[in-house]
2 protein chains.
Amino acid sequence: MKIKIKRALLSVFDKSMLDKILPTLKKYKIEILSSGGTFKYIKKKGYKCVEISDFTNSPEILDGRVKTLHPKIHAGILFKRNNKKHVKQMTKNNFSGIDLVIVNFYPFEKTLKNTKNDEIIVENIDIGGPSLVRAAAKNFKYVNVVTSEKQSDYLINELKKNNGSTSLNFRENLAEQAFAETANYDRTINSYFNSNKSINFPDKTLLKGELVQSLRYGENPHQSGAIYSFDRSKTLIQLNGKHLSYNNYNDIFYGLEISKSLPKKIGTVIIKHANPCGVSAEKDQIISFQKAFECDPISAYGGVVICNYKLDINTAKKLNDKFFEVIVAEGFKGNALKLLKNKKNLRLIDSTNINLQSNLSFQSVLNGFLLQSTDFLKFNKSNFMVVSKRKPSSKTLEHLMFAFNVCRYVKSNAIVISKNLSTVGIGSGQPSRLDSCKIAVNKMIKFYKNQENLVAASDAFFPFVDGIETLVQSGVRAVIQPSGSIRDKEIIKFANDTDTVLVFSKTRHFRH
Amino acid sequence: MKIKIKRALLSVFDKSMLDKILPTLKKYKIEILSSGGTFKYIKKKGYKCVEISDFTNSPEILDGRVKTLHPKIHAGILFKRNNKKHVKQMTKNNFSGIDLVIVNFYPFEKTLKNTKNDEIIVENIDIGGPSLVRAAAKNFKYVNVVTSEKQSDYLINELKKNNGSTSLNFRENLAEQAFAETANYDRTINSYFNSNKSINFPDKTLLKGELVQSLRYGENPHQSGAIYSFDRSKTLIQLNGKHLSYNNYNDIFYGLEISKSLPKKIGTVIIKHANPCGVSAEKDQIISFQKAFECDPISAYGGVVICNYKLDINTAKKLNDKFFEVIVAEGFKGNALKLLKNKKNLRLIDSTNINLQSNLSFQSVLNGFLLQSTDFLKFNKSNFMVVSKRKPSSKTLEHLMFAFNVCRYVKSNAIVISKNLSTVGIGSGQPSRLDSCKIAVNKMIKFYKNQENLVAASDAFFPFVDGIETLVQSGVRAVIQPSGSIRDKEIIKFANDTDTVLVFSKTRHFRH
């Protein structure tokens, strides 16, 4: 059902969209109502405009807190054009229709970023705007509602196409977006109140995301999928290759979480099936890549490589010799990028923009979701306690802490064997800790020849001696693990009997 | 700052809360404004009440679409009581303050459940209510806003405690909850528009949850955590034992997802670290438990058992002999419950209420989340194709489909070996498919003696022959896997050379 727009109400905080829209409104002889700053702006630009207080015959009061909250405005938006009783009441009250509402809200979110002054923040909760928008969206059968600058072209094109009218489908799309806008707006306000009161887990919560991309499919081709961001301005930049898949995104962000836990601009992480199959924090980038790769060169095939540094040509050459699905780096040096771009399908991703880490992480379960504070704990020496007779050198302690840090990102039960600052065996995702030990040892034996200076980490305590025993028998000389087992004493005794360094962590780091 | 309430505006769709609140309002001589059904209800109950149209001197029009959207109402709520200019304007316009707003909205969500008539649904989008609530919540420094029946006692107690006044902290709490209410309300409306337009992945999305429980901690003790439900009326019922932990919830819901994919009221699942360590779909409950347990009796220790049936005394006795953290069942027979309750810490959970499955699943990543349609694909024979010369009997095909179904719930790369309708070896969470094969085989060899009639499933294709070779060499006689490898032909040749049944699935089932 096409409907001609006769009268529009404009009330915008951000005036930038007006320049674009005003000529079109004029072209189709649409009368404009406005007030305050919007009114002044429109007049200054030389367009006709009726002031809202003249339209309602009611003064603007309370510093603009009450302008549009008036029956004449809301009836003008809300009346059903095909309802005789409504039309009669409109006429009787000398009310007239408003067919287009263009509103953007007081910038609550931006204000939050700019000030800690609660008075100013609360003043930026828009009341009139959302009321207008919700009324117009409810009555989308007859009324158009524009809530963001991005919709300007959409409106202009629709009016041109229909010579000043709009289609029902168009109005319904706008209504959908309007309620997304109001819901998000109030969600942000609610979060402000929650964080003011230090409420982490409110009775009702809304997790907000901005669509980055609809994906070709989800985790599998028969599923649909999409990636959402908490802040779309901070996303990955793709420089080459095929579209990223759902599983690519999962692996990339998982890998970035690990690489960002390493020293700044140092280290390489290789991910396969959402588990690391090699991590190195060697300072030299080419060595760090090689060490990460050598941890499990078979699994690394087709994996996702995360370079926590600006990739140079020498490392790029090494990478270019192997098959990877995705290479992520904190920037690419010119000739490195050029070389890698020769493979047309190879996905090259610049991660420089990614510095946001959410304080909350969540995952859906059968009919709801689990929400938790993210495990961002920074390790320092006070988190650990040497419990064996043999004391670690400061180098060994550094190596242990590296292994323990990687271990927290491996799916539980997790065992990581490392040498210097590189993993050499990772055992992941087993219901039995002993099995994870065996897997880690087998990886090490399979791919790694020099078995000296080995250290190992466990994400939780060993329930029995057999786990640490398996590690020590394969050449591990120092072990780090959380305490808490009823057999901790036996474990310490075993370490002392075998002259092994044993360090206890105060914190456990399950990850599933 | 304590503030005395002089005037309240009441506009409720659900009248149930009024009986409770009206005597208190009367006691503290609070003037009541109201209209429509609420006005009639209050008068009928014998309380004084001023009709809003008398207060505003403006008629109620458009079938109640415009009642409270009036400057006198909104100024009465919004004016700053400590601002001289505001107070002067109020006096000049003969406006007066409204200090308490009690509103519940048109029942949009309920309407959605009751009708498919779009006209009725849209009519149930409340405009006036949210405007009042938002205005009152913004001005919480002076104004109180009650949005749900659950807050009645909170209000009554506060008024009693302060002899008709309320504290700033009280008003701020109400404001927080008010914006949660309006955000949720508009989120539901937005979802309605999205589903009408078949939009799965809107530009902005809000994932909604109702708090079931704040947990003692998250995945680890240094993290905070909570469990949210999409519908709090459908939750687990705990009958015994310690509080459920974050990891318990994760395992329980993961296990329920598997058990609910089995035939109705049949089968047992044992979960450890968010991976199944034994699944059986044997019809007899005691046999199904035993078979699930025997798959990996060591890992099952301290695990979560999901009984997809009403647990009887005989099975309970078997369960009682072992150590589990949680036992979930579709109900407990009287004497079974009594027996198990003897262990005071043992968590006993009735899962009868859980029948909701969300069509969308999600998980957070570094700075956003991945959202996808859930892998609910029901398997039937047309999903599969026999590609080997040797054809499976209908029994073998049934066993293969059982193994393939379990396999989709095992973390990738996933390999499941089973015998009849029970798993005997599960290989999970490895970056290399061959490693998962070896793990599954080792589990089988370790715990399972009779190696006849073995079948195996892989969640994705074998990239090389070595994986299927490992399985067949250990006694597997039939294999099911998705097709898609460039070496599919080699795999088929290997199956034919070894007289193995090979079935290809049209769908892949990664799970990470």
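Just so you know, all these numbers are worked out from the coordinates, no wet-lab data involved. Here the structure is a predicted model, which means the values were calculated and not measured. Cβ sites come from the backbone with ideal geometry, for glycine too, and all protein chains shown count toward neighbours.
Here are some notes:
- Base-10 log of normalised Debye intensity for segment A:471-511 (one unit scatterer per alpha-carbon) at q = 0.21, 0.28 Å⁻¹: -0.68, -1.03
- Per-residue extension of 0.36 nm, minus the Cα-Cα distance of B:Arg81 and B:Asn335, leaves a gain of 84.9 nm for this segment.
- As a size descriptor, the averaged projected area of the C-alpha convex hull of segment B:381-505 was calculated at 6.5 nm².
- Note on A:68-80: average number of Cβ atoms from other chains within 10 Å of each residue's Cβ is 6.
- Links that overshoot a 31 Å alpha carbon limit, given the list B:Lys283/B:Lys338; B:Lys113/B:Lys291; A:Lys48/A:Lys141; A:Lys15/A:Lys161; A:Lys15/A:Lys197: B:Lys113/B:Lys291; A:Lys15/A:Lys197
- Identity and axial distance of the chain A residue whose Cβ lies nearest the axis relating A to B, Å: A:Gly429, 1
- Within 10 Å of each Cβ in B:128-136, the average number of Cβ atoms from other chains: 5
- Mean ellipticity per residue at 222 nm, deg cm²/dmol - from DSSP H runs of n ≥ 4 across chain B, formula -39500 (n - 2.57): -11500 deg cm²/dmol
- For A:Asp19, inter-copy label distances in nm, listed shortest first [label point 7 Å out on the Cα-Cβ vector]: 6.3
- Remark: segment B:319-468 is approximated by an ellipsoid whose semi-axes, taken from the C-alpha gyration tensor as √(5λ), come to 31, 23, 18 Å, largest first.
- For segment B:376-428, the fraction of alpha-carbon pairs lying more than 13 Å apart is 60 percent, rounded to a whole number.
- Taking only alpha carbon atoms, the protein assembly as shown gives an Rg to Rh ratio of 1.02, where Rh is the Kirkwood radius.
- Estimated FRET transfer efficiency (A:Ile287, A:Lys446; beta-carbon r; R0 25 Å; 0.05): 0.75
- Taking chain A and dividing mean pair separation by its residue count, relative contact order in percent (alpha carbons under 8 Å, at least six apart): 9
- Copy-to-copy label separations for A:His243, where each label sits 7 Å from Cα toward Cβ, in nm and ascending: 4.5
- With label points defined 7 Å past Cα in the direction of Cβ, position B:Lys493 shows copy-to-copy spacings of 5.8 nm, given to one decimal and shortest first.
- Cross-link pairs beyond the 27 Å C-alpha cut-off, checked among B:Lys317/B:Lys344; A:Lys26/A:Lys150; B:Lys116/B:Lys506: B:Lys116/B:Lys506
- Taking segment B:381-505 and dividing mean pair separation by its residue count, relative contact order in percent (alpha carbons under 8 Å, at least six apart): 29
- Modelled spin labels at B:Asn94 and B:Asn57, positioned 7 Å past Cα toward Cβ, are 0.3 nm from each other.
- Counting, for every residue in A:137-149, the Cβ atoms of other protein chains within 10 Å of its Cβ and taking the mean gives 2.
- Whether segment B:235-350 is rounded, prolate or oblate, judged on the alpha carbon gyration tensor where a/c under 1.5 counts as rounded: rounded
- Taking every alpha-carbon pair in chain A and binning the separations at 20 Å intervals from zero gives 19, 37, 26, 15, 2 percent.
- Ranked by the mean number of other Cβ atoms within 10 Å per residue, highest first, peptides B:435-447, A:151-163, A:407-419 order as A:407-419, B:435-447, A:151-163.
- A simple spin-label model places the labels of A:Gln473 and B:Phe323 2.3 nm from each other, with each point 7 Å out along Cα-to-Cβ.
- Global size of segment B:3-196 as Cα Rg and Dmax, reported in angstrom: 16.6, 51
- Shape class of segment B:168-272 from the Cα gyration tensor (axes a ≥ b ≥ c, square roots of the eigenvalues): oblate, since a/c reaches 1.5 or more and a/b does not exceed b/c.
- Between A:Ser214 and A:Asn117, the contour length at 0.36 nm per residue exceeds the alpha carbon distance by 31.1 nm.
- Placing a pseudo-label 7 Å from each Cα along the Cα-to-Cβ vector at A:Met1 and A:Asn314 gives an inter-label distance of 7.3 nm.
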